Amino acid sequence: MRKAFIKTFGCQMNEADSELIASHFAQAGIETAESERDADVFVLNTCTVRQHAEDKALSLIGRLKRWKEEKKGRKIFVVGCAVERIGEKNMTKKFPFLDAVIGAKSIGKLGEEIKKTCGKTEKSEKKEHKNIVFEKRPFSQYLTIMRGCSMNCAYCVVPSVRGKAEHRPLEEIIEEARRKVASGARELVLLGQTVNSYCWTENGRKTDFTDLLKILSEIDKLKRIRFMSPHPLFFNDEFFKEFEKNKKIASHIHLPAQSGSDRILKIMKRGYTRKRYLDTLAKIKKTRQDSAVSTDFIVGFPDETKKDFEETLKLAQEGEFSLAFCFKYSARHCKESENIIPEKEKEERLNLLLETVKQASKRIFNSRIGKIEDVLLETENYGRSSANFKVRIDKHVAPGEMIKVGIEGVSKNILLGKVLK
Ligand code: 5AD
Ligand code: SF4
């Protein structure tokens, strides 16, 4: 049987999309390969959120020419966000040896392209793709609830490559959730670019993000729900009420700050001030004492002064983030401000921020010692706590179990603990 190797760059949305891509290939009788060596088809799912991600994809494509020549009949598919930004035609022109080139907005034509490029295969096509389960992360599975983004953050290419926000029908989400739980998932990770803006109206009945959390929590064997990535603007009192009482909602929230300076937040068009961000952060921590918050920061956005940057540094300290992803600003649009921050300055700011974030995160990790964490085991002796800390335990327990662990130490970025029950 022919096999496809799927390489994914970028975010969790892309990883979830790659699972869908795998199901399309499976439907055509082409199963997933563990490595490119065993594969007849190479699928590259690209990212373009920063120039670096795009460059990585382009350089890999350059090298794939040899991979294709090594065995007769090999095919290369390149799909996703970088293709959308660069343009399908431009990509085909630049890399004429590619067999299929599909941008993020046209991923719907993948099935047809597979048929066209890979032809008929021995396996029947009757198998419904929704019945195919991908066991890569059996206990924690992704569930995409919306696609695209209708915000307009000045630095971000997502709305232009993935299009405006489209929310999936409620019934479809519930059905997929049930199916994933029946296939072994004990945790679902709801995905969307502004996941907490979810809203679905049918027959005059409105279901918002909090309603969706309530509905999904009723699935019996489901033990935990995470979501990625919320936008700070879409949290409301209803959410916090549910967050307080519904312990199936994980006590970790990724709350992207991007900057600590009101001036920069305004130019970035984030829609909140530093104060409003801090208020939301405080509410999360107050509502669930065991909670942890992670964030994203961008340094060196055009016009960012040293003073603006210091505000970001201060937020990184005050915010007590368990984890913060820090990025140098990468220009994604043609129109650029005159006040571009030199690369060297960006680098220096990034290093300062990384050091601050590391120290703060160390404090947060150490503060968990002596606490009890609910851990969902991914292997026999390793899992993740509700607050999304990696935890290693002192004995072997069946993967998929939710256990109470007393934390006794920290090793790098892993909590070490003793099984309590
Ligand atoms: N440059 C640098 N970082 C960016 N991000 C998004 N766009 C850019 C950009 N142009 C970061 C943001 C976002 C994360 C997924 O990537 O911090 O939250
Ligand atoms: Fe990009 Fe997120 Fe802003 Fe949407 S909300 S434009 S995905 S950073």
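Values in this text are rule-based calculations from the coordinates and carry no lab data. This structure is a prediction, so every number in the text was calculated from the model and none was measured. Quick reminder, even Gly has a Cβ in these numbers, built from the backbone with ideal geometry, and neighbours come from all protein chains shown.
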Springs between alpha-carbon atoms under 10 Å, Gaussian network over the chain: tell me which of I253, I364, I102 tops the mean-square fluctuations.
I364
With springs connecting C-alpha atoms under 10 Å apart, model the chain as a Gaussian network and identify which of V158, V397, V195 has the largest mean-square fluctuation.
V397
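Taking neighbour Cβ counts within 10 Å as the exposure measure, how do E373, E408, E242, E401 sort from fewest upward?
Values: E373 22, E408 12, E242 18, E401 15.
So the residues, fewest neighbours to most, are E408, E401, E242, E373.
To the nearest 20 debye, what charge dipole does the range 356-400 have about its Cα centre, counting +1 at the Cβ of each Lys and Arg and -1 at the Cβ of each Asp and Glu? Show your work: numbers first, answer last.
On the way: 9 positive and 5 negative charges, 74 e Å.
Approximately 360 debye in magnitude.
Taking K and R as +1 and D and E as -1, what net charge do the other residues with C-beta under 12 Å from the C-beta of T48 add up to?
Residues close to T48 contribute a combined charge of +2.
Ranked highest first by average number of other Cβ atoms within 10 Å, how do 208-218, 312-322 line up? Mind dumping the intermediate values first?
Numbers: 208-218: 18.5, 312-322: 20.0.
Per-residue Cβ counts within 10 Å, averaged per peptide and sorted highest first, yield 312-322, 208-218.
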Based on DSSP, what percent of beta bridges with both residues in the chain are antiparallel, to the nearest 5?
35
Rank G409, G370, G260 by mean-square fluctuation in a GNM of the chain with C-alpha springs under 10 angstrom and give only the top-ranked residue.
G370
For the range 134-367, what is the convex hull volume of the alpha-carbon atoms per residue, in Å³?
141
Using only alpha-carbon positions, what ratio does the radius of gyration of the range 3-126 give when scaled by 2.2 N^0.38 Å?
0.98
Give, rounded to the nearest 20 debye, the magnitude of the charge dipole that the chain has about its Cα centre when Lys and Arg contribute +1 at Cβ and Asp and Glu contribute -1 at Cβ.
380
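With a cut-off of 8 Å between alpha carbons and a minimum separation of six or more residues, what is the relative contact order of the range 223-269 in percent? Each step should come with its number before you reach the end.
Working: 27 pairs, mean separation 22.7, N = 47.
It comes to 48 percent, rounded to a whole number.
Explain nothing, just the number: dipole magnitude of the range 134-367 about its Cα centre with +1 on each Lys and Arg Cβ and -1 on each Asp and Glu Cβ, in debye rounded to the nearest 20. If you can, show how the numbers build up before the last one.
On the way: 44 positive and 34 negative charges, 97 e Å.
I would put it at about 460 debye.
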Can you compute the equivalent ellipsoid semi-axes for the range 372-419, i.e. the square root of 5 times each eigenvalue of the Cα gyration tensor, sorted largest first and rounded to whole Å?
14, 10, 9
Could you work out how far the C-alpha centroid of the range 162-224 sits from that of the range 326-396, in angstrom?
27
Name the residue from S367, A28, A257 whose Cα lies farthest towards the positive end of the charge dipole of the chain, charges +1 on Cβ of Lys and Arg and -1 on Cβ of Asp and Glu.
A28
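So what is the 222 nm mean residue ellipticity for the chain from helices alone, if each DSSP H run of at least 4 adds -39500 (n - 2.57) and you divide by all residues, rounding to the nearest 500 deg cm²/dmol? Display every interim value, and only then the final one.
On the way: 13 runs with 153 residues, N = 421.
Value at 222 nm, helices only, nearest 500: -11000 deg cm²/dmol.
Determine the percent antiparallel among the DSSP beta bridges restricted to the range 251-398, to the nearest 5.
Values: 6 of 16 bridges.
Antiparallel: roughly 40 percent of the beta bridges in the range 251-398.
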Over 10 Å intervals from 0, what percent of Cα-Cα pairs in the chain sits in each interval?
4, 19, 28, 28, 17, 4, 0
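V181: net charge of surrounding residues, Cβ under 13 Å, Lys/Arg +1, Asp/Glu -1, itself excluded?
Spelling it out: positives minus negatives among the neighbours equals +3.
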